[in-house]
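A.B. asks: Structure in structure tokens, see below.
Since every read-out is calculated from the coordinates, none of them should be taken as a lab result. Owing to the predicted nature of the structure, the values given are computational and were not obtained by experimental measurement. Quick reminder, even Gly has a Cβ in these numbers, built from the backbone with ideal geometry, and neighbours come from all protein chains shown.
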Amino acid sequence: MKYCSLIFLSLFLFSCESENEEGLFPNDTTGSLTVSFQRDIAPLISTNCATPGCHAANAIFPTLLTYNQIDASKTSINARVSAGTMPQAGPLPQNQKNLIATWITEGAKNN
């Protein structure tokens, strides 16, 4: 019985799939994912870019607080994020880079 329990526990543990943030979004920018500005892009920019000393109000860099400000800078944002030179704290994970690129490919809608 002890060995049966051990086998069952082993099978159970090895059958569990790890879910991480990278697996939550496709790793392509073909437009197969509908990206929402409000749900995906605004929080990403707010957390990583629109910070004091960077792209917040009264900073030396363009302000990225509103849809219009982000939309006006989308090409630069995508290029710098893709190159890994932005944000200053370090490169974004690939899935977040993909969100920005897909949002732009889908027309950079204010949705």
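A.B. asks: For region 101-111, which residues satisfy the criterion of being touching a helix residue (DSSP H, G or I) at 6+ places or on another chain (Cβ under 7 Å), part of a loop (DSSP other than H, G, I, E, B) and not basic (K, R)?
C.D. replies: A108, N110, N111
A.B. asks: Residues A108, A56: which one is in contact (Cβ under 8 Å) with a residue 60 or more places away in the chain and aliphatic (A, V, I, L, M)? Write out each step before concluding.
C.D. replies: Working: A56 fails: in contact (Cβ under 8 Å) with a residue 60 or more places away in the chain.
None of the other options fit; the residue is A108.
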